[in-house]
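See structure below.
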Amino acid sequence: MSFKELGLSEPILKSLEELDHSKPSEIQQQAIPVILAGKNLMAAAQTGTGKTGSFVLPMLEMLIEKAKPYDKNVHALVLTPTRELAAQVRENVHKYGKFTNIKSTVVYGGAKIFPQKSKLQSGASILIATPGRMFDLLSQGMIDVTHLKMLVLDEADHMLDLGFIHDIKKIIGMTPAYKTKFTLFSNLFKNKLKS
Ligand code: AMP
């Protein structure tokens with residue numbers, strides 16, 4: 001199975017080639033077609049398995065056609081338990097999306113909110129965030145999630161352990177649930193992939 005056979009298009013294949021990712025990892029082979037088919041997904045995968053690519057690659061693919069420089073709406077949101085993971089996901093979006101014009105940004109707690117607000121004002125199709133800061137910015141009207149197509153909960157079990165459940169519920173409550181696809185990654189379930 002190749003990345004091309006998974007349905008990824010040229011700009012993304014080009015970045016994978018440049019990164020020397022010659023074929024999809026097991027979790028990528030399983031998750032990418034499910035997400036591209038527009039289904040909800042719950043998956044178990046640990047860091048080091050290529051799990052970030054398994055949601056970032058189809059996310060870029062879904063947005064590639066629709067990315068327009070003047071569009072300031074958030075189309076995909078990734079929630080992560082820590083700012084380190086948020087930064088890591090952003091880095092992946094950046095490297096896999098190098099040959100696309102899809103804009104992304106990252107916001108997290110424990111850092112000044114003002115610079116994050118100004119980054120948001122210039123627009124981002126993909127937003128990576130920790131739940132507390134995300135809810136703060138949503139409540140202040142700084143982020144519009146009414147056009148959200150995809151919501152990823154990365155390391156969902158870790159987010160629950162850290163007590164983010166209330167923020168996550170409130171964020172989900174503000175998304176257009178009827179058109180947003182959900183992807184949940186956890187370390188907890190053993191080799192179970194549901195769609
Ligand atoms: P992750 O599990 O997402 O943290 O990824 C772990 C590492 O594997 C990262 O350095 C990725 O760049 C790398 N990686 C992800 N997918 C592939 C792949 N298909 N082939 C080779 N390396 C990969």
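Residues whose amide H lies under 5 Å from that of L41, counting only those 5 or more places away or on a different chain, are F182, T183, L184; hydrogens are built 1.01 Å from N in the peptide plane.
Taking 7 Å steps out from each Cα toward its Cβ at N101 and T47 produces label points 3.5 nm apart.
Length gained on full extension, H166 to H94, computed as 0.36 nm times the residue gap minus the Cα-Cα distance: 23.0 nm. Over 23 Å apart at the Cα level, from the set K95/K170; K72/K179; K39/K98, are K95/K170; K39/K98.
Once Rh is set to the Kirkwood radius over Cα pairs, what Stokes-Einstein translational diffusion coefficient, in µm²/s, holds for the range 1-141 at a temperature of 37 °C and a viscosity of 0.692 mPa s? So the translational diffusion coefficient is about 210 µm²/s. The packing ranking, built from the mean of other Cβ atoms within 10 Å per residue, places the peptides 44-57, 101-114 in the order 44-57, 101-114, highest first. Here the range 155-191 and the range 6-34 have alpha carbon centers that stand 25 Å from each other.
Taking the range 77-195 on its own, what percent of its Cα-Cα pair distances exceed 19 Å? That tail contains 46 percent of the Cα-Cα pairs. Basic side chains Lys and Arg get +1 at the Cβ, acidic Asp and Glu get -1 at the Cβ, and with that the dipole of the range 72-195 about its Cα centre reaches some 400 debye. Amide H contacts of S25 (H built 1.01 Å from N, in plane; Pro and chain starts excluded): no residue 5 or more places away or on another chain comes under 5 Å.
For the range 133-143, putting each phi into the Karplus relation 6.51 cos²θ - 1.76 cosθ + 1.60 with θ = phi - 60° gives couplings of 5, 4, 5, 4, 5, 5, 4, 7, x, 7, 10 Hz, in residue order, rounded to whole numbers and with x for Gly and Pro. Considering only L148, I165, Q46, the residue lying farthest towards the positive end of the dipole of the chain is L148, judged by Cα position with unit charges set on Cβ.
Placing dummy labels 7 Å off each Cα toward the beta-carbon, the span from E84 to E18 is 2.8 nm. Secondary-structure-derived ellipticity at 222 nm for the chain, considering helices only, amounts to -12000 deg cm²/dmol, per-run term -39500 (n - 2.57) for DSSP H runs with n ≥ 4. Converting phi to 3J(HN,Hα) with the Karplus coefficients 6.51, -1.76 and 1.60 and the offset θ = phi - 60°, the range 147-162 yields 10, 5, 9, 9, 10, 10, 9, 8, 6, 4, 4, 5, 5, 5, 4, 7 Hz in sequence order, with x at every glycine or proline. Exposed loop sites here are GluC sites (Glu not before Pro) assigned a DSSP state other than H, G, I, E or B and surrounded by at most 12 other beta carbons within 10 Å; excluding them, the longest clear run of the chain is 66-195. Histogrammed with a bin width of 5 Å, the alpha carbon distances of the range 1-45 distribute as 5, 21, 30, 23, 15, 6 percent, first bin at zero.
None of the figures in this text is laboratory data; all of them are computed from the coordinates on show. The structure displayed is predicted, hence computed values, not measured ones. Heads up, the Cβs are rebuilt from the backbone with ideal geometry, glycines too, and the neighbour counts pull from every protein chain shown.
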